[in-house]
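The values are calculated or read from the model by the stated rules, or taken from the named source; none is laboratory data. The structure displayed is predicted, hence computed values, not measured ones. Methodologically, a virtual Cβ is constructed for each residue, glycine included, from the backbone with ideal geometry; neighbour enumeration extends over all protein chains shown.
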């Protein structure tokens, strides 16, 4: 804290943006409202808004009241109204824009003035007298045009944009699809409000990836390694509890096949293999579907996707079952047992593949994050399905 206070506002603001959220929170608690206001005045509006939004509501008002730059203050207050993960919450107000009626000469002068307030100029946007977005300006066209020409005659009308209420994920998909360094943000009337740069989107993608990874691993909250033991424990327990219930359910199922296990104890030895294969196949299938949904790559229908997964599961199941059949036959020299376990494996792989494919698609249709369909959820459900199918098929074949 002492070192931070020795630095000037510009350097301090840069340091604050580079710190982890937890460390930044500790530092902000030890700075006065006036000191924080001085720091955020040195930042772009999107970064300044991010810092202020981390403060308690009463401190937010105090800090905003201490900001001397009235335009900066108004921009921050506007950005605070939007959800953090929306286009409005991600955008910065700083940008370079020109009017369609300006001459090239005036345009260059205005661009120089505006560019001094913008950290990085990705694009120059063209607006009308009502500040409605019309297009973008190519710097090459600007340089080779007659100085007396109007911008109206040289600007490019085709421009990709985001609506202020679009989700961050939707904005990320547009920028990724068209390889954009920045994208303008407009309201419902197509009025230009701000821009989102690629570095903001990269941060969002990183955060979303971390959340999805934790969710897939069975962690229900956004946690860090430095969080308290209580918070870490509470984040992990729900899915561990589900795993416990799944294990109890699997054990109860096995108890119902006590007779077949007594007559063919070799079946017991291959129970972990069946459960593991069911879980692995389900996780593979669900992971591919979740990734496809995240990247908006899945274009075919649910039926087509399920058919493709079924064919794939049959192929993989036959190959793996053939290997397993040879192993069991040479180990136990009992063709019936080898056949029963091998057929069970094929059936389990098919069902696990279908379940792993269907559940993420179903959740996505219902507006639920399909990432929860990976990891413990799929593993536990497919363990139960796998063991049930395994013993039912084995019992049918061996007691026929």
So which residues in region 357-399 are modelled with pLDDT of 75 or more, over 30 Å from residue 255 (Cβ atoms) and part of a helix (DSSP H, G or I)?
357, 360, 361, 362, 363, 364, 365
Within region 141-162, is there a residue that is surrounded by fewer than 18 Cβ atoms within 10 Å (Cβ to Cβ), outside any helix (DSSP H, G or I), under 31 Å from the mean Cα position of the chain (by Cα) and in contact (Cβ under 8 Å) with a residue 60 or more places away in the chain?
no
Those residues that are touching a residue at least 60 places away in the same chain (Cβ under 8 Å) and more than 18 Å from residue 324 (Cα to Cα), I need them from region 262-287; list them, please.
263, 282, 283, 284, 285, 286, 287
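Test residue 15 against the criterion of being in the same structural domain as residue 173 (by TED's automatic domain parsing) and surrounded by fewer than 18 Cβ atoms within 10 Å (Cβ to Cβ), and give yes or no.
Details: in the same structural domain as residue 173 (by TED's automatic domain parsing): no; surrounded by fewer than 18 Cβ atoms within 10 Å (Cβ to Cβ): yes.
It is false that residue 15 is in the same structural domain as residue 173 (by TED's automatic domain parsing) and surrounded by fewer than 18 Cβ atoms within 10 Å (Cβ to Cβ).
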Considering only residues of region 185-204 that are part of a loop (DSSP other than H, G, I, E, B) and without any contact (Cβ under 8 Å) to a residue 40 or more places away in the chain, which is farthest from residue 123 (Cα to Cα)?
188
Being modelled with pLDDT of 90 or more and closer than 29 Å to residue 47 by Cβ is true for just one of 132, 177, 152. Which residue is that?
132
I need every pair where a residue in region 288-311 that is under 16 Å from residue 355 (Cβ atoms) and not assigned by TED's automatic domain parsing to the domain that holds residue 167 has its Cβ under 6 Å from the Cβ of a residue that is part of a helix (DSSP H, G or I) and at pLDDT below 75, sequence separation at least 6 or different chains.
290/370; 290/371
